[in-house]
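This report concerns only the one structure given below.
The values are calculated or read from the model by the stated rules, or taken from the named source; none is laboratory data. Source: prediction; values computed, not measured. Positions of Cβ are backbone-derived with ideal geometry, glycine not excepted, and every protein chain shown enters the neighbour counts.
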Amino acid sequence: MELGIICSILYLPFALVLMSMRPSPLIAFMVVPHLASMAAIIYALWFSARQITTLTNGHGFLAGTLGRFFLIWYFPIGIWFLQPFVRRVLGAQQGIQPDAPAVGGDAG
C-alpha cells in the first residue's frame, strides 16, 4: 500500500514535467510505467470482483466475476448494488441480522 502511494506521488510530477517538454525526449519511458499502472489497477479490480464472487458461490466463475468487475469499475453506480450485497453476505456468515444496528450505535 505504501509503495503504491509513493509511486503515485513520484509518478505524477514526473509525468507532468515530461509532458510539458516540447518535444518530449523521454516520452517513450512514460509508456511502460503507465501501462504497468493500468495493469495493476485492472488486476486489483478483477481480484476484488473474484473474491466477492468466490465469497458468495464458493468458486469464482467468469460471468459473476465479470459483472462485479464492471460494478467496481464504475464505482459511483456499482457501489449502490455491491454494498448491500456484501453486507448481507458478510452478515449471514457472521450470524448478524441484516437490519441490525451498527456496532457503537445508540444504546438507548
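Okay, residues lined up against (1) out of contact with any Lys or Arg (no Cβ under 9 Å at 6 or more places or on another chain); (2) touching a residue at least 12 places away in the same chain (Cβ under 8 Å); (3) not charged (D, E, K, R):
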position	(1), (2), (3)
ALA15	yes, yes, yes
THR53	no, yes, yes
GLY58	yes, no, yes
PHE61	yes, no, yes
ILE77	yes, no, yes
VAL89	yes, yes, yes
ALA92	yes, no, yes
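Being modelled with pLDDT under 75 and not aromatic (Phe, Trp, Tyr), is that true of even one residue in the stretch 38-48? Before the answer, list the steps.
Quick first cut of the stretch 38-48, residues modelled with pLDDT under 75 only: none.
Within the stretch 38-48, none of the residues are modelled with pLDDT under 75 and not aromatic (Phe, Trp, Tyr).
Yes or no: ARG22 modelled with pLDDT under 85 and of a type in the set (D, E, K, R)? Steps first, please.
Values: modelled with pLDDT under 85: yes; of a type in the set (D, E, K, R): yes.
Considered against the rule, which asks whether it is modelled with pLDDT under 85 and of a type in the set (D, E, K, R), ARG22 comes out as yes.
Does GLY95 satisfy being at pLDDT below 85 and surrounded by 14 or more Cβ atoms within 10 Å (Cβ to Cβ)?
On the way: at pLDDT below 85: yes; surrounded by 14 or more Cβ atoms within 10 Å (Cβ to Cβ): no.
No; evaluated as a whole, the condition is false for this residue.
For the stretch 27-44, does any single residue satisfy the condition of being without any contact (Cβ under 8 Å) to a residue 40 or more places away in the chain, farther than 17 Å from CYS7 by Cβ and more than 18 Å from the chain's Cα centre (by Cα)? Outline the logic, then answer.
As a first pass, look at the stretch 27-44 and keep what is without any contact (Cβ under 8 Å) to a residue 40 or more places away in the chain: 27-44.
Restricting the remaining residues to those that are farther than 17 Å from CYS7 by Cβ gives 27-28.
Next, from what is left, pick out any that are more than 18 Å from the chain's Cα centre (by Cα): 27-28.
Yes, there is a match, as at least one residue in the stretch 27-44 is without any contact (Cβ under 8 Å) to a residue 40 or more places away in the chain, farther than 17 Å from CYS7 by Cβ and more than 18 Å from the chain's Cα centre (by Cα).
Output the residues belonging to the stretch 35-60 that are surrounded by fewer than 13 Cβ atoms within 10 Å (Cβ to Cβ) and touching a helix residue (DSSP H, G or I) at 6+ places or on another chain (Cβ under 6 Å).
Residues satisfying the conditions do not exist here.
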